[in-house]
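Bear in mind that the values in this text are calculations on the coordinates, not laboratory data. Keep in mind it's a predicted model, so treat the numbers as computed, not measured. Neighbour counts run over all protein chains shown; Cβ positions are idealised from the backbone, glycine included.
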Amino acid sequence: MRKVLIPHAKIIKRVKKLALEIKKEYKNEPFLMLGVLNGSYMFASDLSKELWKHGFTNFSVDFIGVASYGKEKTSSQSPKFTKRLQVVLKDKNVLLVEDIVDTGFSIKEILKYLKSKNPKSVKICSLLSKSTRRKVTVEIDFLGFEIEDKWVEGYGMDTAEFGRGNGNIVEVIPEAFRRK
Ligand code: IMP
Ligand code: MG
């Protein structure tokens, strides 16, 4: 069973506010918006459009691919890079765009990897955070919504690779987890 947790209109309203916060932070400094695939594709897309609408155009966009859960529901603690970095980060401002920070293992590994490339700065923008499940400390600079310990899908996020196209963020009730 699926229940709407955050409807599309509410997401978009929040994304607009995040774009304004990001614009205020970077002022006229250029940055690289680096989305974490696959989950952040929709969020990164809307965020980039909102920034542009609000007159901030000084950014490039790229993605890295990380698979943290595979088909399992529990974090593997060591995410696999499925798409490596294609751009040089040295002396660049990087805005890492994530779908969810859950235990924090994935983002911590990604940060370690990015910092080894000597960027000028790295900031984190995450649509969701389940802070009650955190195992390692993560500082999120721009956060969409704090949510309870529930499995969610939609707006780019999946359950075993399905459900990403839903414009709403929905809560997945466990029986429905084993999608046939
Ligand atoms: P972490 O390493 O435990 O922080 O896992 C973070 C990653 O797991 C996120 O970037 C998501 O891709 C995925 N994830 C965590 N919770 C959920 C969820 O409720 N639905 C879908 N994906 C999730
Ligand atoms: Mg993710």
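The table for this structure:
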quantity: Estimated distance in nm for a label pair at ARG133 and LYS3, the labels positioned 7 Å out from Cα along Cα-to-Cβ; calculated: 1.7 nm
quantity: Given LYS16/LYS49; LYS23/LYS90; LYS83/LYS123; LYS13/LYS49, the pairs whose alpha carbons are separated by over 18 Å; calculated: LYS23/LYS90; LYS83/LYS123
quantity: Helix-only CD estimate at 222 nm, as mean residue ellipticity for the chain, using -39500 (n - 2.57) per DSSP H run (n ≥ 4); calculated: -7500 deg cm²/dmol
quantity: Solution diffusion estimate, µm²/s, Stokes-Einstein, the range 66-167, Kirkwood Rh from C-alpha pairs, 10 °C, viscosity 1.306 mPa s; calculated: 110 µm²/s
quantity: Under Karplus coefficients 6.51, -1.76 and 1.60, residue-wise ³J(HN,Hα) of the range 53-63 in Hz, glycine/proline x; calculated: 4, 8, x, 9, 10, 8, 8, 10, 10, 8, 9
quantity: Cα-derived Rg over Rh, computed across the chain with Rh taken as Kirkwood radius; calculated: 0.95
quantity: Cut-off under 5 Å, modelled amide H: who pairs with SER121 long-range; calculated: LYS92, ASN93, VAL94
quantity: For LYS3, net neighbour charge (Lys/Arg +1, Asp/Glu -1) across residues whose Cβ lies under 14 Å away; calculated: -2
quantity: Local net charge near ASP62, Cβ-Cβ under 12 Å (Lys/Arg +1, Asp/Glu -1); calculated: +3
quantity: Förster-model FRET efficiency, 35 Å R0, LYS80 and LYS23, C-beta, rounded to 0.05; calculated: 0.55
